[in-house]
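The values are calculated or read from the model by the stated rules, or taken from the named source; none is laboratory data. Keep in mind that what you see is a predicted model, and the values were worked out from it rather than measured. Glycine also receives a Cβ, built like all others from the backbone with ideal geometry; neighbour counts cover every protein chain displayed. The area values use the complete protein model at the heavy-atom level, side chains included, leaving out ligands, DNA and RNA. Shrake-Rupley method; radii C 1.70, N 1.55, O 1.52, S 1.80 Å.
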Amino acid sequence: TQLLEQSPQFLSIQEGENLTVYCNSSSVFSSLQWYRQEPGEGPVLLVTVVTGGEVKKLKRLTFQFGDARKDSSLHITAAQTGDTGLYLCAGARGGSQGNLIFGKGTKLSVKP
Amino acid sequence: DAEITQSPRHKITETGRQVTLACHQTWNHNNMFWYRQDLGHGLRLIHYSYGVQDTNKGEVSDGYSVSRSNTEDLPLTLESAASSQTSVYFCASSPVNLPETQYFGPGTRLLVL
């Protein structure tokens, strides 16, 4: 059962454009993680959000956790070619002790 | 610097053979996890461990086993490899106080012929 839906699956944009990636679920999560993965490598943790409505910024990346803790978004401002990669969201349910549910990912391609 | 390593990085084996994938971390993390990543499925949890001598089944544990004899290592064994186990396997670790903050290894690409 896929509990975390990511959209879009694929996104191809020009350098300098803005974009938003979504992660949605009908389940409530105690925390939500965003990872970035490059070809041939393991996922790298970008951020963890834990409070409903929380907004975190990491340079040009803005992460938001929904008020009900069922969804999250990642917004990239002025995308660069170095942002190219697979973006994964992962949710932790209360008491799960690290047992994460991963979305299938959004493959982002930023063209020069 | 602390790190998490996996070996081998690439493996080709035949159906029915036993295969063991190694995972070693120097973070001194209590928690360790094994995932497989397949097109159309994303990352799925195979087995996990919260400490020495502790192991737990994940979502897709059939045909796999793990053992935890020390903090640093969690080897994954495919008892009798099947073509359906062709995948990319990732190991991850996390500290006991932040179990969701997982650090991933570089992966092992396994092909079962």
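Would you mind stating whether A:Gln33 is in contact (Cβ under 8 Å) with a residue 40 or more places away in the chain, within 14 Å of another protein chain (Cβ to nearest Cβ) and touching a strand residue (DSSP E or B) at 6+ places or on another chain (Cβ under 9 Å)? Please lay out each step first, then the result.
Values: in contact (Cβ under 8 Å) with a residue 40 or more places away in the chain: yes; within 14 Å of another protein chain (Cβ to nearest Cβ): yes; touching a strand residue (DSSP E or B) at 6+ places or on another chain (Cβ under 9 Å): yes.
Considered against the rule, which asks whether it is in contact (Cβ under 8 Å) with a residue 40 or more places away in the chain, within 14 Å of another protein chain (Cβ to nearest Cβ) and touching a strand residue (DSSP E or B) at 6+ places or on another chain (Cβ under 9 Å), A:Gln33 comes out as yes.
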Count of residues meeting criterion [in a strand (DSSP E or B), open to solvent by 20 Å² or more (accessible area, probe 1.4 Å) and within 15 Å of B:Gln25 (Cα to Cα)] in segment B:54-78 = 1
Restricting the search to segment A:10-26, which residues are surrounded by fewer than 12 Cβ atoms within 10 Å (Cβ to Cβ) and either over 20 Å from A:Thr81 (Cα atoms) or at pLDDT below 95 (or both)?
-> A:Ser26
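Which of the residues spanning segment A:1-27 are among the polar types (S, T, N, Q) and within 22 Å of A:Gly91 (Cα to Cα)? Give the steps one after another, and end with the answer.
Our first condition is that a residue be among the polar types (S, T, N, Q); within segment A:1-27, this holds for A:1-2, A:6-7, A:9, A:12, A:14, A:18, A:20, A:24-27.
The answer is A:Thr1, A:Gln2, A:Gln6, A:Ser7, A:Gln9, A:Thr20, A:Asn24, A:Ser25, A:Ser26, A:Ser27.
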Restrict the check to segment A:87-104 and report whether at least one residue is of a type in the set (S, T, N, Q) and modelled with pLDDT of 95 or more.
-> no
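Being more than 10 Å from chain B (Cβ to nearest Cβ) and in a loop (DSSP other than H, G, I, E, B) is the filter here; which residues of segment A:97-112 pass it? Don't jump to the end; show me each part of the working.
Initially, segment A:97-112 is screened for residues more than 10 Å from chain B (Cβ to nearest Cβ), giving A:106-112.
Once the filter is applied, which keeps residues that are more than 10 Å from chain B (Cβ to nearest Cβ) and in a loop (DSSP other than H, G, I, E, B), segment A:97-112 yields only A:Pro112.
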Kindly indicate which of A:Leu58, A:Leu74, A:Leu46 is in contact with a Ser or Thr (Cβ under 8 Å, 6 or more places away or on another chain) and closer than 29 Å to B:Thr5 by Cβ.
-> A:Leu74
Pairs only if they're at least six apart or on different chains, beta carbon under 8 angstrom, first in segment B:94-113 and more than 10 Å from chain A (Cβ to nearest Cβ), second modelled with pLDDT under 95; list them, first residue then second.
-> none
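Mind listing just one residue for me: the one in segment B:7-53 that is among the hydroxyl-bearing types (Ser, Thr, Tyr), assigned to a strand (DSSP E or B) and open to solvent by 50 Å² or more (accessible area, probe 1.4 Å) and, of those, nearest to A:Gln33 (Cα to Cα)?
Of all residues in segment B:7-53, those among the hydroxyl-bearing types (Ser, Thr, Tyr) come to B:7, B:13, B:15, B:20, B:26, B:35, B:48-50.
Applying the additional criterion that residues be assigned to a strand (DSSP E or B) yields B:7, B:13, B:20, B:35, B:48-50.
Still in the list and also open to solvent by 50 Å² or more (accessible area, probe 1.4 Å): B:7, B:20, B:50.
Working: B:Ser7: 26, B:Thr20: 29, B:Tyr50: 20 Å.
That would be B:Tyr50.
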Flagged in segment A:79-96 as more than 10 Å from chain B (Cβ to nearest Cβ), open to solvent by 20 Å² or more (accessible area, probe 1.4 Å) and under 12 Å from the mean Cα position of the chain (by Cα), in numbering order, are none
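Determine if segment B:40-50 includes at least one residue that is more than 10 Å from chain A (Cβ to nearest Cβ) and more than 12 Å from the chain's Cα centre (by Cα).
Quick first cut of segment B:40-50, residues more than 10 Å from chain A (Cβ to nearest Cβ) only: B:46-47, B:49.
Those still in the list that are more than 12 Å from the chain's Cα centre (by Cα) too: none.
No: zero hits.
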Conditions (1) of a type in the set (Ser, Thr, Tyr); (2) open to solvent by less than 40 Å² (accessible area, probe 1.4 Å); (3) over 30 Å from B:Arg109 (Cα atoms) -> A:Thr51 fails only (2)
Positions within segment B:51-60 being facing another protein chain (nearest Cβ under 10 Å) and either farther than 19 Å from B:Ala22 by Cβ or more than 12 Å from the chain's Cα centre (by Cα) (or both), in sequence order | B:Asn56, B:Glu59
